[in-house]
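Okay, so here's the structure we're looking at.
Since every read-out is calculated from the coordinates, none of them should be taken as a lab result. Bear in mind the structure is a predicted one, so any value in this text is a computation, not a measurement. Cβ: placed from backbone, ideal geometry, glycine included. Neighbour counts: every protein chain shown.
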Amino acid sequence: MTIAVGDRIPSATLHRMTADGPEKVTTDDLFAGKRVAVFGLPGAFTPTCSARHVPGFLAKAEAFRAKGVDRIVCVSVNDAWVMDAWGKSQGVGDDIAMLADGGGAFTKALGLAIDLTGAGLGVRSKRYSMLVEDGVVKALHAEEATGLTISDADTLLADL
């Protein structure tokens with residue numbers, strides 16, 4: 001079952017890279033008392049994700065902050081090293097937290113996993129964006145396919 005507006009984000013552990021190596025980030029800590037714009041995508045360094053999805057949120061980071069968003073988070077079923085390298089290549093700096101869902105547990109708990117084995121990618125994340133306030137989903141835009149039509153930064157900004 002796919003997460004819906006009004007649902008609480010499931011408890012899960014993601015990872016981010018630090019100077020000392022990968023660090024655990026619980027969704028409970030990530031969302032507690034915060035307004036967070038989250039977007040998920042099929043994979044780091046993939047064409048649409050790299051050319052449009054991350055750059056769209058990066059270009060709108062200030063607009064999200066102006067609308068009261070505390071942080072922007074990108075989640076992908078990749079490891080922390082890949083997410084860190086991808087964030088650096090995209091120049092996200094502190095504007096977007098690049099979080100790894102290595103085994104896909106968070107993505108599966110959201111009901112947003114997609115099997116892209118036929119394309120050589122394995123089980124990945126559907127492309128989505130959502131606004132989460134204090135752990136509760138306030139807006140959700142999940143793509144039916146892997147294209148970028150409703151999960152872009154402008155669509156989520158319109159919800160604020």
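Restricting attention to the stretch 104-160, the residues that are touching a Phe, Trp or Tyr at 6+ places or on another chain (Cβ under 6 Å) and within 13 Å of Thr48 (Cβ to Cβ) total 1.
Remark: pairs (first residue in the stretch 57-70, farther than 13 Å from Val36 by Cα; second residue β-branched (Val, Ile, Thr) and surrounded by 15 or more Cβ atoms within 10 Å (Cβ to Cβ); Cβ separation under 7 Å; 6+ apart in sequence or on different chains) = Leu58/Val92; Leu58/Ile96.
Criterion applied to Leu110, Leu116 was being in contact with a Pro (Cβ under 8 Å, 6 or more places away or on another chain) and farther than 28 Å from Gly33 by Cα, and the one residue passing it is Leu116. Among the residues of the stretch 135-160, those that are in a loop (DSSP other than H, G, I, E, B), of a type in the set (A, V, I, L, M) and out of contact with any Lys or Arg (no Cβ under 6 Å at 6 or more places or on another chain) comprise Ala145, Ile150. When Gly118, Gly111, Gly104 are checked against the criterion of being of a type outside the set (Asp, Glu) and touching a residue at least 60 places away in the same chain (Cβ under 8 Å), a single residue qualifies: Gly111.
Within the stretch 88-101, track down each residue that is in contact (Cβ under 8 Å) with a residue 40 or more places away in the chain and crowded, with 19+ Cβ neighbours inside 10 Å. Full working, then the answer.
At the first step, the residues of the stretch 88-101 found to be in contact (Cβ under 8 Å) with a residue 40 or more places away in the chain are 89-90, 96-101.
Those that are in contact (Cβ under 8 Å) with a residue 40 or more places away in the chain and crowded, with 19+ Cβ neighbours inside 10 Å: Gln90, Ile96, Ala97, Met98, Leu99, Ala100, Asp101.
Residue pairs whose Cβ atoms lie under 9 Å apart, sitting 6 or more positions apart in sequence or on different chains, and linking a residue in the stretch 1-21 that is within 21 Å of Ala85 (Cβ to Cβ) to a partner that is exposed (fewer than 10 other Cβ atoms within 10 Å of the Cβ) and of a type in the set (D, E, K, R), do not occur here.
Checking each residue in the stretch 102-134 for being surrounded by fewer than 21 Cβ atoms within 10 Å (Cβ to Cβ), outside any strand (DSSP E or B), at negative phi and not hydroxyl-bearing (Ser, Thr, Tyr) picks out Gly102, Gly103, Ala105, Lys108, Ala109, Leu116, Gly118, Ala119, Leu121.
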